[in-house]
Amino acid sequence: MSREAQNQSLEAGPPTVTVPASAHAGPVSHAIFRVARLHRMIAGQLLRPLGLHLGQELVMMHLWELGPQRQTDLVRLLDSDAPTMTRSIKRLENAGFVRRRPCPDDKRAVIIEPTVASQALRREVERIWAELEHASTGDLTPDQQAETLDALRRVEAGLARAAAHTPRADAPASTAHADTSADNEGKPHTG
């Protein structure tokens, strides 16, 4: 989407979104979904001319800031998974933005480092993030921006706590089932 089209879209006012009746119990969750979708869409459109896929700019930001990193550390830093990170690194390497080399301390590990060519990309990524920030918060006062950031941090903390207590979809099912038969007097089945 061009800058002019984005401005026209913003001038037209906020979109009218019909919230499905089944989502009325979670209006904040529905709003987060809508905002995240729009944010990702605009970020993707802004990054595409640089040859970057969504999320690759975050990999580069960490590399520019921290210097060379083990690939496993990037997975942890970005809360990613190994296959996704491997694909991202391969694409960034093919584009000439990163270089892979063996870790001198651990022959199983790979070190990822930004190339000199990536420094021009850094300026563009920083410009795009400023543009994305303006698209996200340009209609807010500085106080509203601070309040929004504080609220989002609290929402993120709550979601992180919930995620820590929610079984992962790929985790094996528990083998312990409650057995409430009279023989076991309501004690959990251990077998």
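Laboratory data are not the source of any read-out in this text; all were calculated from the coordinates shown. Everything numeric in this text was worked out from a predicted model, so none of it was measured. Methodologically, a virtual Cβ is constructed for each residue, glycine included, from the backbone with ideal geometry; neighbour enumeration extends over all protein chains shown.
Based on the mean of other beta carbon atoms within 10 Å per residue, what is the order of 38-45, 55-62, most packed first?
Sorting 38-45, 55-62 by mean packing, highest first, produces 55-62, 38-45.
Measuring from the lowest to the highest alpha carbon on each principal axis, how far does the stretch 71-149 reach, largest first, in angstroms?
Rounded to whole Å, the extents work out to 51, 26, 20 Å.
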